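Values quoted throughout were computed directly from the atomic coordinates according to the rules given, and no laboratory measurement underlies them. Remember, it's a predicted structure, so these values are computed and weren't measured experimentally. Positions of Cβ are backbone-derived with ideal geometry, glycine not excepted, and every protein chain shown enters the neighbour counts.
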Amino acid sequence: MSYAAIIGIGSYLPERRLTNADLERLVDTSDEWILTRTGIAERRLAGEDEATSDLAIAAARAAIADAGVAPEDIDLLVLGTSSPDHVFPSTAALTQTGLGLRCPAVDVMAACTSFIYALQHATATIESRRARTVLVIGADALTRHVDFTDRRTCVLFGDGAGAVVVQASDEPGVMGIDLGTDGSGADVLTIPAGGSALPCTPDRLAQGLHHVRMNGAEVFKFAVRVIPETTRRALAASGLGVDDVTWLVPHQANQRILDTVAERLGVPRERVVSTIANVGNTSAASIPLALDDLYTVGNLRPGDVLALVGFGAGLTWGAVIVRWTKGPAR
Ligand code: ACO
């Protein structure tokens, strides 16, 4: 059996910062409301000439350098995003050429769970020996789809990208995986217009149907239910339990979600990675960004057990258990 192991990691955040004080000038909100309800202090915005593929390319370059592989060694690129540069070509194709790669490249779209689905795709391809080295990216510029006059959503999101290089290995690596989708919850979180169902028209644009629509309370309830469930299932598939987890690395949507999940799972708060204060909800990028943060500050040791857990629109969710096999950060 060939296993898959993470051999390189990198991330990228755009320069432009948007603080809570900046948002106070845009909508009727306050730093205090945003901090206590979400835990977010600031987020990054992609520059006007920066698209999702630009964020992806920067993160991927860092991951490839960290892995120490040559571009020609990469057999497949899987990119998770829900804010693609265009309907087509895929963001993966643009990222592939930007990186000077020749391998097949494909987008995976599962909203904020996209990175988890992309990692599963990479793992399955390596385990079935159809690829040896796979570049997995989570990249999103969701602020492009946010209505900056809607205080219920514009305070939440930020832009960024994270990437890992996954390679065939004699030992895991990636262990148990659990994935789920429930399309009956599609209305809970959606960008209604801009696709084939509701192409953008002046009327729909005037109604703001091309912006993120969210039932915040429903997303909250869904998240605190599904994160413990999917984590436990992926741990069971790995022959492990909650006590074996060194780091829980959940999708970063709201600090109160992270706190509730820590309590429900019985994981000490200090074992739950949180980067939300500085980056907000970066969608598909949030898990690899949080992982890179752990790695760069020197908090990952070989043998650590990581539970990477995502949830998002669809509704979608999923968890990947990883035994960390890499040495310390560069
Ligand atoms: N500033 C000030 N007041 C606000 C703001 C704001 N930015 N946003 C909403 N309010 C107001 C509301 O209008 C409401 O006022 P009202 O009672 O007069 O109508 C009041 O605050 C309470 O609103 P709620 O929506 O009930 O606030 P809640 O405590 O639920 O917090 C939040 C809202 C933060 C969105 C919360 O529901 C949440 O975090 N949900 C999870 C959603 C999430 O994380 N989504 C991220 C994207 S999804 C994903 O990543 C998978």
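Here are the numbers for this structure:
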{"read-out": "For region 196-274, diffusion coefficient by Stokes-Einstein and Kirkwood Rh (Cα), 37 °C, 0.692 mPa s, µm²/s", "value": "221 µm²/s"}
{"read-out": "GNM flexibility winner over the chain from PRO84, PRO288, PRO202 (Cα, springs under 10 Å)", "value": "PRO202"}
{"read-out": "Point-to-point label distance, ARG301-ALA41, nm (Cα→Cβ direction, 7 Å offset)", "value": "2.8 nm"}
{"read-out": "Hull volume in cubic angstrom per residue (convex hull over the Cα atoms of region 52-100)", "value": "70 Å³"}
{"read-out": "Formal net charge of residues neighbouring THR275 (Cβ-Cβ distance under 15 Å; K, R +1; D, E -1)", "value": "-2"}
{"read-out": "Relative contact order of region 273-322, pairs being alpha-carbon contacts under 8 Å that are 6 or more residues apart, as %", "value": "27 percent"}
{"read-out": "Among GLY314, GLY39, GLY303: highest mean-square fluctuation, GNM of the chain, C-alpha pairs under 10 Å", "value": "GLY303"}
{"read-out": "Scaled radius of gyration (Cα, divided by 2.2 N^0.38 Å) that region 175-323 gives", "value": "1.15"}
{"read-out": "Trypsin sites (Lys or Arg not before Pro) within region 15-123, DSSP loop, no more than 13 other Cβ atoms inside 10 Å", "value": "ARG102"}
{"read-out": "Contour excess over end-to-end distance, with Cα ends at VAL242 and ASP187 and 0.36 nm allotted per residue", "value": "16.6 nm"}
{"read-out": "Helix 52-67 axis, angle to the chain major axis (alpha carbon atoms, nearest 10°)", "value": "20 degrees"}
{"read-out": "Net charge contributed by nearby residues that have their C-beta within less than 15 Å of PRO104 (K/R +1, D/E -1)", "value": "-1"}
{"read-out": "Given the chain, longest segment not containing exposed loop GluC sites (Glu not before Pro) (DSSP; at most 14 other Cβ within 10 Å)", "value": "49-330"}
{"read-out": "Given charges at Cβ of Lys, Arg, Asp, Glu: region 3-171 dipole, positive-most of ALA124, VAL164, ILE40", "value": "ALA124"}
{"read-out": "The chain: calculated mean residue ellipticity at 222 nm from DSSP helix runs of at least 4, using -39500 (n - 2.57)", "value": "-10000 deg cm²/dmol"}
{"read-out": "Region 105-162 versus region 236-280: alpha-carbon centroid distance in Å", "value": "19 Å"}
{"read-out": "Nearest-ten-degree value, helix 114-127 long axis tilted from longest Cα axis of the chain", "value": "20 degrees"}
{"read-out": "Segment ALA197-ALA21, length gained on full extension (0.36 nm per residue, minus Cα span)", "value": "59.6 nm"}
{"read-out": "Fluctuation leader among GLY312, GLY173, GLY216 - the chain, Gaussian network, Cα springs under 10 angstrom", "value": "GLY216"}
{"read-out": "For the chain, fraction of C-alpha pairs farther apart than 27 Å, in %", "value": "39 percent"}
